[in-house]
């Protein structure tokens, strides 16, 4: 019918586009540095509600703006979904036209949204803080774009009545955010401290890090190419509107108490203050470029890196940045420490409840009998236990394998305990509590998994240092 009636076909297309904003999906039509991929994007949170929308297509060029007035049905925390397609940009570009940028003005917040997904129709979701009835005025302005920007529509979304959205940090960008180390995703965890008090931990995934750990060691020791940083913890009480206390990660990975500004309600404002994406609460002006990210809940049991599996477009953006910054070897070789494209790695997710006096390395054996290890044979690249702020015992091993490898080529996995040194009367041991899954990215950066969900409770010592799981049995 659509072929016979072009008007019907046109309206069917618009219905599909509008549904994407309502469901939180992202339409993709894609190129990446070296393959085609799918941009799934951040899903709309369960319990949120679209309360106002403008689904009429319009275009803006650089320095042009458009204003909207929406009804606000009730007091609460709100977000904005912007369905947009810029032209002639790509995060993979070397030189200019890497991204476009929108300025979104709302009461108490003036944000900059980096359009890092290239010239693909994409729904970008941002938080806009606390709103009051009866209405709100919002302005969209294109502040950077090499060509015009197409808008399919915008939607005002009321967030669930949850403290995680009420106190989520707002981030002031570091210089260069339009092309490097841009924040991609914020997630949170909630921890009860007593009957009336809970702690909310917030984390941000950046596209990479320009300082700190070099990329080769970052992958071996942390299992990711991005930069995943704890930004702040907020203690809240059911008896108080204001947060009881806020701590944040300061420069040098120090923990400091927050004494800075709040914006759009009780959202602490923190700026990225170092090349390895640590923070400061000393923000001189509210006119600095900033972003109120759309916070999503973390998976209950698993590694931090699983958030990237949930939103695999993160892998594509990061790969583009790594290529641009010449951080990947041009000819992949799993026998060298030099990193290659993220799609050339197998990932193993493990929970170690105890790692004393040493560290762990992960390995995979392929069907040809050859073993590959996360440490590349370098003992000081074994992963020690790091405490609750970086995963509560969950570890992701990243193991480079030949580019053509698939999960079907996997024969066995290994977890090795490497003994360093022990203080007197301390027992060198590692307890492997869980082996959750093995992940391999396709050339389109889609994660394929072998779910294991094993609880071996394996005790590894210098005398018995290895746990091997034969996947072919």
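Only the coordinates and a few stated rules stand behind these numbers; no lab work does. Note that the structure is a prediction, hence the values are computed from the model and not measured. Every residue, glycine among them, receives a Cβ derived from its backbone with ideal geometry; neighbour counts consider all protein chains shown.
Helix 6-23 axis versus longest C-alpha principal axis of the chain: approximately 60°, rounded to the nearest ten. A crude spin-label estimate for the pair residue 433 and residue 408, with each label 7 Å from Cα along the Cβ direction, gives 3.7 nm. Rounded, prolate or oblate, given the Cα gyration tensor of the stretch 264-324, with a/c below 1.5 counting as rounded? Since a/c reaches 1.5 but b/c is at least a/b, the shape of the stretch 264-324 is classed as oblate.
Please work out, to two decimal places, the log10 of the ratio I(q)/I(0) at q = 0.13 Å⁻¹ from a Debye calculation in which every Cα of the stretch 113-180 carries one identical scatterer. Debye output, listed in q order: -0.54. Treating each Cα of the chain as one equal point scatterer and applying the Debye formula with no solvent, the log10 of I(q)/I(0) at q = 0.08, 0.09, 0.11 Å⁻¹ comes out as -0.50, -0.63, -0.93.
Between the helical axis of 313-324 and the longest alpha-carbon principal axis of the chain there is an angle of about 80 degrees. Evaluated over the Cα positions of the stretch 67-158, the convex hull gives a direction-averaged projected area, one quarter of its surface, of 5.5 nm². For residue 56 and residue 472, the difference between the fully extended length at 0.36 nm per residue and the C-alpha to C-alpha distance is 144.3 nm.
From most to least packed by mean Cβ count within 10 Å, the peptides 366-379, 393-406 give 393-406, 366-379. The listed peptides 335-341, 165-171, ordered by packing as a protection proxy, come out as 165-171, 335-341 (highest mean of other Cβ atoms within 10 Å first). Here r is the Cβ-Cβ distance between residue 463 and residue 135 and R0 is 60 Å; the resulting FRET efficiency, rounded to 0.05, is 0.25.
Sorting 54-67, 112-125 by their mean Cβ neighbour count within 10 Å, with the most densely packed peptide first, gives 112-125, 54-67. Length, then width, then depth: along the principal axes, the Cα atoms of the stretch 331-470 run 49, 31, 30 Å.
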